[in-house]
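**Q** Take a look at this one; I'll ask things after.
The values are calculated or read from the model by the stated rules, or taken from the named source; none is laboratory data. Source: prediction; values computed, not measured. For neighbour counting, all protein chains shown are included, and Cβ atoms are generated from backbone atoms with ideal geometry for every residue, glycine included. Please note that ligands, DNA and RNA were not included when accessible areas were found on the heavy atoms of the full protein model with its side chains. Shrake-Rupley method; radii C 1.70, N 1.55, O 1.52, S 1.80 Å.
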Amino acid sequence: MFRTLVTAFLCATALSAQGAVDPALVRRLAAEDSTEKVAAIRAIAQAADADAARILKAMAEDSLFLAGESVVVIEGEKALDATTGKEVSLPENPEAITVNNRLRGELANALAALKLFDADPAVRSASARKLQSSPDVAMAPLLARALEQESDPEIKALLADAHAQASLKDTNPQVRLMAVQTLAGSSSPAVKSLLLPLTDKASEAEDSVRYAAIEAVKAIERRLAWGDTLASIFSGLSLGSILLLAALGLAITYGVMGVINMAHGELLMIGAYSAYGMQSLFRAYAPEYVDWYLPAAVPVAFFAAAAVGVVMERTVIRWLYGRTLETLLATWGLSLILIQAARVLFGAQNVEVANPSWMSGGIALLPNLLLPWNRIIIVGFALFVLFLVWVLMNRTRLGMFVRAVTQNRPMAACVGVPTARIDTLAFALGAGIAGLGGVALSQISNVGPDMGQGYIVDSFMVVVVGGVGQLAGAVWAALGLGIFSKVLEGWAGAVIAKILVLVAIIVFIQKRPQGIFALKGRFVE
């Protein structure tokens with residue numbers, strides 16, 4: 001509070017020291033030539049006081065009129081002298097001072113610059129950020145004055161950057177050189193665009209400035225390259241998290257029962273539609289809590305997909321154990337049935353599943369590196385699900401039975417493990433985890449009847465590369481494929497990247513048919 005009062009006092013002292021706006025300068029705002037009006041706006045803005053802000057704001061709001069030789073502000077039935085702010089008699093035939101798009105841009109910049117002297121740090125920070133997008137050499141003196149008075153380190157850095165950008169067009173080579181040296185520490189693509197013209201001899205005649213600009217552009221490009229690489233790695237990490245959620249269930253069912261479940265992608269779809277259903281229920285019956293539909297959708301998606309998985313296993317799959325090709329064809333038919341059922345229930349078009357407000361936005365680590373909250377939460381959710389699956393498989397009786405059936409089914413049956421029930425529970429668990437993957441997928445992708453088709457091949461690739469039935473292998477394979485794909489996409493494009501990934505997997509399987517980890521389970525037999 002004390003700091004705010006001191007800042008307000010200093011700003012008021014500084015502003016009062018500038019004096020009133022020259023009436024002749026205000027009169028130039030009514031000139032016929034837009035260039036002269038622009039010059040007047042910039043000159044008035046240099047006063048940086050309350051009178052200047054009042055005049056420019058009135059002009060921006062089309063409230064400024066010419067009455068004879070005076071300029072007045074007309075607000076309803078009241079007229080004020082533009083220079084002094086004192087009330088005057090309402091003129092009979094005032095002439096409106098016109099403002100075109102060019103002048104509106106100048107007024108916006110000038111008003112933003114005047115806010116640099118506001119007592120509220122948030123207002124000054126917003127003003128400094130806005131001026132960075134459209135720096136002008138005319139604003140350099142005002143920015144220098146604001147920089148001199150500013151005490152907040154963060155705002156001071158923004159002002160220094162804006163002042164340097166505005167000084168790039170200064171007529172003094174030394175000023176331009178200092179501006180280039182200041183901007184060399186930036187990591188912004190916009191700053192790089194501002195410096196690029198200075199690297200050309202046709203635009204910059206001074207050698208020292210040009211060479212400094214060349215070095216500055218190279219330094220910014222190196223930092224931008226790091227930002228792009230980190231962005232690709234994070235994007236690959238989030239893709240790997242989705243693949244992990246999609247492949248975890250498949251790793252369990254494929255490893256325990258040897259079932260090539262071609263309907264696994266449709267179990268993802270059921271999870272995504274569960275999120276859509278919960279969102280619709282919250283909007284209809286509890287709109288004030290609609291942001292919490294997603295946590296409510298997690299158990300619903302798990303049990304809905306698990307129930308469908310139990311029905312699939314009990315009605316079709318259990319009669320085809322040991323007959324791999326028949327299982328493949330049967331589950332493919334089931335996938336077609338599920339897709340058609342989704343079309344009947346929800347329509348053929350994609351449905352909207354919006355991110356909750358607490359998943360909007362992101363963390364800006366660099367100017368070209370933004371980590372969206374929805375992807376960060378998906379990565380965390382995938383790790384949480386992975387932890388639960390690990391606990392279930394290694395710390396519970398069900399997990400022990402599943403591992404026993406995976407390693408030696410006849411021996412497990414001999415010692416009393418109910419293998420048929422374990423098959424059903426394992427299939428339900430795998431289907432439920434796929435449903436959780438669908439909830440995560442609904443936050444970054446379209447939700448429609450065919451959405452699962454795009455992930456079934458990638459899920460099988462994760463399972464095969466990681467090692468059938470191996471959770472650790474699925475984790476490494478999913479993250480590796482995700483990051484590898486995204487890094488390659490940035491280098492060679494999406495199609496070439498997909499081909500390269502497939503070639504790499506083929507070569508890897510040739511060298512290591514059992515995947516990253518040794519193959520265990522019924523297939524060994």
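**Q** When THR83 is evaluated against the numbered criteria (1) touching an Asp or Glu at 6+ places or on another chain (Cβ under 8 Å); (2) without any contact (Cβ under 8 Å) to a residue 60 or more places away in the chain; (3) surrounded by 14 or more Cβ atoms within 10 Å (Cβ to Cβ), which criterion, by number, is the only one it fails?
**A** In the conditions (1) touching an Asp or Glu at 6+ places or on another chain (Cβ under 8 Å); (2) without any contact (Cβ under 8 Å) to a residue 60 or more places away in the chain; (3) surrounded by 14 or more Cβ atoms within 10 Å (Cβ to Cβ), THR83 misses (2) alone.
**Q** Ok, one more. Looking at the range 165-175, which of the residues that are in a helix (DSSP H, G or I) and open to solvent by 30 Å² or more (accessible area, probe 1.4 Å) is farthest from ALA144 (Cα to Cα)? Can you show your working first?
**A** Going through the range 165-175, the residues in a helix (DSSP H, G or I) turn out to be 165-169, 173-175.
From what is left, the residues that are open to solvent by 30 Å² or more (accessible area, probe 1.4 Å) are 169, 173-175.
Numbers: LYS169: 15, PRO173: 17, GLN174: 16, VAL175: 12 Å.
Top of the filtered list is PRO173.
**Q** Only one of LEU365, LEU334 is assigned to a helix (DSSP H, G or I) and either of a type outside the set (D, E, K, R) or open to solvent by 60 Å² or more (accessible area, probe 1.4 Å) (or both). Can you tell me which?
**A** LEU334
**Q** Could I ask something else about it? Anything in the range 372-396 that is within 18 Å of the chain's Cα centre (by Cα) and either free of Cβ contacts under 8 Å to residues at least 24 places away in the same chain or open to solvent by 30 Å² or more (accessible area, probe 1.4 Å) (or both)? List them, or say none. Walk me through how you get there before you give the answer.
**A** Initially, the range 372-396 is screened for residues within 18 Å of the chain's Cα centre (by Cα), giving 372-381.
Residues satisfying the conditions are PRO372, TRP373, ARG375, ILE376, ILE377, GLY380, PHE381.
**Q** I would also like to ask the following. Just to be sure before I move on: is GLY185 at pLDDT below 85, open to solvent by 50 Å² or more (accessible area, probe 1.4 Å) and not polar (S, T, N, Q) in the structure I sent?
**A** yes
**Q** Regarding GLU221, is this residue without any contact (Cβ under 8 Å) to a residue 60 or more places away in the chain, in contact with a helix residue (DSSP H, G or I) (Cβ under 9 Å, 6 or more places away or on another chain), surrounded by fewer than 14 Cβ atoms within 10 Å (Cβ to Cβ) and over 30 Å from ALA434 (Cα atoms)? Don't jump to the end; show me each part of the working.
**A** Numbers: without any contact (Cβ under 8 Å) to a residue 60 or more places away in the chain: yes; in contact with a helix residue (DSSP H, G or I) (Cβ under 9 Å, 6 or more places away or on another chain): yes; surrounded by fewer than 14 Cβ atoms within 10 Å (Cβ to Cβ): yes; over 30 Å from ALA434 (Cα atoms): yes.
Against the criterion (without any contact (Cβ under 8 Å) to a residue 60 or more places away in the chain, in contact with a helix residue (DSSP H, G or I) (Cβ under 9 Å, 6 or more places away or on another chain), surrounded by fewer than 14 Cβ atoms within 10 Å (Cβ to Cβ) and over 30 Å from ALA434 (Cα atoms)), GLU221 qualifies.
**Q** Further question: Yes or no: the range 426-440 includes at least one residue that is within 17 Å of ILE506 (Cβ to Cβ) and in contact with a helix residue (DSSP H, G or I) (Cβ under 6 Å, 6 or more places away or on another chain).
**A** no
**Q** If a residue counts only when it is under 41 Å from the mean Cα position of the chain (by Cα), which helices (runs of 4 or more DSSP H) contained entirely in the range 20-96 have at least 2 such residues? If you could, list the steps in order and put the result at the bottom.
**A** Details: elements: 23-27, 34-45, 50-60.
Once the helices (runs of 4 or more DSSP H) in the range 20-96 are filtered for at least 2 residues that are under 41 Å from the mean Cα position of the chain (by Cα), what remains is 34-45, 50-60.
**Q** Take the residues in the range 202-215 that are open to solvent by 20 Å² or more (accessible area, probe 1.4 Å) and at pLDDT below 85; name whichever of them is nearest to LEU369 (Cα to Cα).
**A** SER203
**Q** Now, a different point. Determine whether the range 458-473 contains at least one residue that is open to solvent by 30 Å² or more (accessible area, probe 1.4 Å) and modelled with pLDDT of 85 or more.
**A** No, the range 458-473 contains no residue that is open to solvent by 30 Å² or more (accessible area, probe 1.4 Å) and modelled with pLDDT of 85 or more.
**Q** Still on this structure, I have one more. In the range 125-154, what residues are under 25 Å from the mean Cα position of the chain (by Cα) and either of a type in the set (D, E, K, R) or within 16 Å of ALA48 (Cβ to Cβ) (or both)? Working first, answer last.
**A** Taking the range 125-154 first, the residues under 25 Å from the mean Cα position of the chain (by Cα) are 125-134, 154.
Correct list: SER127, ALA128, ARG129, LYS130, LEU131, GLU154.
**Q** Looking at the range 279-292, can you tell me whether even one residue there is touching a Leu at 6+ places or on another chain (Cβ under 8 Å) and either of a type in the set (Ser, Thr, Tyr) or closer than 30 Å to PRO418 by Cα (or both)?
**A** no
**Q** Given the condition assigned to a loop (DSSP other than H, G, I, E, B) and more than 30 Å from ASP291 (Cα to Cα), answer yes or no: does some residue in the range 418-427 qualify?
**A** So the first thing to find is which residues in the range 418-427 are assigned to a loop (DSSP other than H, G, I, E, B), and the list is 418.
Remaining after also requiring more than 30 Å from ASP291 (Cα to Cα): 418.
Yes.
**Q** A follow-up question, please. Among the residues of the range 507-523, write down those that are surrounded by 13 or more Cβ atoms within 10 Å (Cβ to Cβ) and either at pLDDT below 55 or of a type in the set (D, E, K, R) (or both). Walk me through how you get there before you give the answer.
**A** The first filter runs over the range 507-523 and keeps only residues surrounded by 13 or more Cβ atoms within 10 Å (Cβ to Cβ), leaving 508-509, 512, 514-517, 519-523.
Passing the criteria: ARG512, LEU519, LYS520, GLY521, ARG522, PHE523.
**Q** Under 6 Å between Cβ atoms, at least 6 apart or on separate chains: pull out the pairs that start in the range 320-345 with a residue that is more than 11 Å from MET262 (Cα to Cα) and end on any residue that is among the charged types (D, E, K, R) and modelled with pLDDT of 90 or more.
**A** LEU338/GLU266
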